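Down below is the structure, laid out as structure tokens.
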Amino acid sequence: MGLDQILALLQTALELGLISSLTVLALFLSYSMLNVCDLSTDGCFTLGAVVGAAVAISGHPYLSIPAAMLAGVASGFITAILQTKMGVNSLLAGIIVNTGLYSVNIAIMGGSSILNMNKADTVFTAVKSALARINMSEQYKLVVAAAAVVIIAVLLGLFLKTRLGLAIRATGDNPDMVRSSSINPVFTTIIGLCVANSFTALSGCLLAQAQKSVNIDIGGGMVTIALASLLIGNVFLGKKKMPLRIAGMVLGAFVFRLVYTIALRFNMPAFMLKLVSSVIVVAAISIPYIKQQLPLIKRRLESRKREGNANA
Amino acid sequence: MLKIDNITKSFSVGTETRRALDGVSLNVKKGDFITIIGANGAGKSTLFNAIAGSFITDSGTISLDGRDITLMSEYKRAHSIGRLFQDPMRGSAPGMTIEENLALAAGSGKWLSRVSKRDRELFREKVSMLGMGLEDRFDQSVGGLSGGQRQALTLIMATINPPKLLLLDEHTAALDPGAAEKILRVTDSIIREHNLTCLMITHNMQSALELGNRTIMMDKGKIVMDVSGDERAALTVNDLLLRFREISGKALDNDRMLLI
């Protein structure tokens, strides 16, 4: 494998990592900050992809971005209302919205399960023709994805320092304390999920436009993939201050994609992606837990052995 | 100031319904510092929950400063009511820094405002009053503090905007004696400084009589004794125990009751 190939591989991993890191940032907000496991992520990712594609195809490449994000806000709002105002368990709320979104997404695609953007102008094609002038048209995906991630990451970092951002962080940490600060945790949960889902939808929108097509399965398993990236990011920078933790999320997404891309090179079939992400999530969550239990397990085994010896 | 009129609250446990508050009425004047005693299950914390809005009472009314708050939700009441629990972990967010916790509690400014230099100076001034050196650890997360330090921080958070009413629910009971003593001293000085109206539940009979200007005793969801002024000044811990036996018809045999 030549240097060119390695660079091309890295670039692909970086592009896909950056695009999916937006979903990781969404989970960073909902899962790590609000302590809500938002299972509507898959459907919302597809929603962003589908809305973005439909708007782009109708001839508004730039409008596709805010349109997708707004759709994400709406989806997050419904998930949040279900769990805060209508007594639906938060996991169930996500699953219900996810299921409902399947129909919504197909409806937006006009009853078909695939939309093709080969002839449509997208944010990517616009940037590609702009970059052609400085001979960098090969990097257009990277430029768009990097710009989106930098903007979102910086905004998120600033947002989490504001009073509202602090309140959202405290909601996952200690909702009692939020209430005693005269802030309604229902309100912070709603805002948090709306913002998070706008990131998820943006992520889907960009992926669809980068690959010039969208199908109904584009978001399948995104929640696990993003969670795996988030947990990888936590390993590197989870204990640091907020700006570094956010950078860690992007890094995690990149590392996940890199490992996956390399595995593909070693002939791992592409359909293994989801199993790999599941295993990573289980490992990242369980290993610290089992490590914690290990001394007790050891003591139990030793005591059993001693008993066995005594009986013998 | 605080006017509680004949409130009741029942909880069902299995098929049984227990009356946790059974027609409690209480009139608290501005600047009152009332200590509350009673055995476990007497309804002391339930009374605080009712006042703070953790639940809505079944009947009766509660008004604060002339405003009816009977049906108001907890977070809205928190504008005027500060509260500390026995559990020092309940009042602060462990994953956030001392400064971030204070910023949320201070709650000044708009939703998108950030901690200003002036806020930081105010926080520093308030926290240094504790004499625990926390003012030099503003960037550390609260999860790393000891129980006493966290409760001290919670006290500052609850009073950084002096509330109309401060509810202290055995807020020193889970701390070691040294820390408890210190927190109690700081509490007393904050209450004096801002002339706060305060209700304090305590299991310490001595502090029940020493602190504040009025003492009430609860039993079975009712207020069974209410003393202030000269009558209270003449009371000893022993008198309190006798009064309790007289009123409830049983000895105050709770081992958590501290006699000294």
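The values are calculated or read from the model by the stated rules, or taken from the named source; none is laboratory data. Bear in mind the structure is a predicted one, so any value in this text is a computation, not a measurement. Neighbour counts run over all protein chains shown; Cβ positions are idealised from the backbone, glycine included. Surface accessibility is based on the protein's heavy atoms, side chains included, excluding ligands, DNA and RNA. Shrake-Rupley method; radii C 1.70, N 1.55, O 1.52, S 1.80 Å.
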Checklist entry - Say a site is exposed when it is one of the chymotrypsin sites (Phe, Trp or Tyr not before Pro), sits in a DSSP loop, and has at most 15 other Cβ atoms within 10 Å; what is then the longest site-free stretch of chain A? => result A:63-265
Item to check | Sequence of A:Arg299, A:Arg179, A:Arg169, B:Arg245 when ordered by accessible area, the most exposed leading, probe 1.4 angstrom | outcome: A:Arg299, B:Arg245, A:Arg179, A:Arg169
Item to check | 0 to 90° range, to nearest 10: angle between helix B:237-248 axis and chain B longest Cα axis | outcome: 60 degrees
Checklist entry - Among the aspartates and glutamates, which fall within straight-line cross-link reach of A:Lys239, defined as a Cα-Cα distance under 17 Å, with same-chain neighbours fewer than 8 residues apart omitted? => result A:Asp173, B:Glu100, B:Asp139
Checklist entry - To the nearest Å, what is the center-to-center distance of segment A:146-164 and segment A:232-282, using C-alpha atoms only? => result 21 Å
Checklist outcome for this item: Answer in debye to the nearest 20: the dipole magnitude of chain A about its Cα centre, from +1 Lys/Arg and -1 Asp/Glu charges placed on Cβ, is 980 debye
Checklist outcome for this item: B:Ser59 neighbourhood, Cβ < 13 Å, K/R = +1, D/E = -1, net charge -1
Next on the checklist: I'd like to know which of B:Ile183, B:Met205, B:Leu134 lies farthest towards the positive end of the charge dipole of chain B, counting +1 on Cβ of Lys and Arg and -1 on Cβ of Asp and Glu.
Outcome noted: B:Leu134
Checklist entry - Based on Cβ point charges of +1 for Lys and Arg and -1 for Asp and Glu, what charge dipole magnitude is obtained for segment B:185-250 about its Cα centre, in debye rounded to the nearest 20? => result 260 debye
Checklist entry - Can you put A:Leu251, A:Leu227 in order of accessible area, largest first, using a 1.4 Å probe? => result A:Leu251, A:Leu227
Item to check | Stretch gain in nm, segment B:Glu125-B:Asp226, where the contour uses 0.36 nm per residue and the Cα spacing is subtracted | outcome: 32.6 nm
Checklist entry - Which residues' amide hydrogens lie under 5 Å from the amide hydrogen of B:Met225, considering only partners 5 or more residues apart or on another chain, with H built in the peptide plane? => result B:Met217
Item to check | Residue among A:Ala107, A:Ala153, A:Ala26 with the largest mean-square fluctuation in a Gaussian network model of chain A, springs linking Cα atoms under 10 Å | outcome: A:Ala107
Checklist entry - When each pair of different Cα atoms in the protein assembly as shown is counted once in the 1/r mean, what is the Kirkwood radius in angstroms, to one decimal? => result 27.2 Å
Checklist entry - About the Cα centre of the protein assembly as shown, what is the dipole size in debye to 20, counting +1 per Lys and Arg Cβ and -1 per Asp and Glu Cβ, all else neutral? => result 900 debye
Item to check | Candidates A:Val97, A:Val154, A:Val223: whichever shows maximal mean-square fluctuation once chain A is modelled as a Gaussian network with Cα springs under 10 Å | outcome: A:Val154
Item to check | Degrees separating the helix A:123-132 axis from the principal Cα axis of chain A, which is the longest one | outcome: 70 degrees
Item to check | Charge sum, other residues only, whose C-beta stays under 15 Å from A:Ala53's C-beta, Lys/Arg counted +1 and Asp/Glu -1 | outcome: 0
Item to check | Reachable aspartates and glutamates from B:Lys182, criterion Cα separation under 16 angstrom, eight or more residues apart if same chain | outcome: B:Glu170, B:Glu210
Next on the checklist: Within 14 Å, Cβ to Cβ, of A:Glu15, how many net charges do the neighbouring residues add up to if Lys/Arg are +1 and Asp/Glu are -1?
Outcome noted: +3
Checklist entry - Is there a simple number for the mean count of other chain Cβ atoms within 10 Å of the Cβ of residues in B:76-83, and what is it? => result 3
Checklist outcome for this item: Dipole check, chain A, charges on Cβ (K,R +1; D,E -1), about Cα centroid: among A:Met117, A:Ile134, A:Ala153 the Cα furthest to the positive pole belongs to A:Ala153
Checklist entry - Which whole number gives the average count of other chain Cβ atoms within 10 Å of the Cβ atoms across peptide B:94-107? => result 5
Next on the checklist: Along the charge dipole of the protein assembly as shown, pointing to its positive end and built from +1/-1 on Cβ of Lys, Arg, Asp and Glu, which listed residue (A:Thr171, A:Ile6, A:Ser303) has its Cα farthest out?
Outcome noted: A:Ile6
Checklist entry - Any idea what the alpha-carbon Rg over 2.2 N^0.38 Å comes to for chain B? => result 1.03
Next on the checklist: For segment B:135-151 and segment B:36-82, what is the centre-to-centre distance using only Cα atoms, to the nearest Å?
Outcome noted: 29 Å
Checklist entry - With respect to the cross-link table entries B:Lys29/B:Lys110; A:Lys240/A:Lys298; B:Lys3/B:Lys44; B:Lys76/B:Lys110, which display a Cα-Cα separation exceeding 23 Å? => result B:Lys29/B:Lys110; A:Lys240/A:Lys298
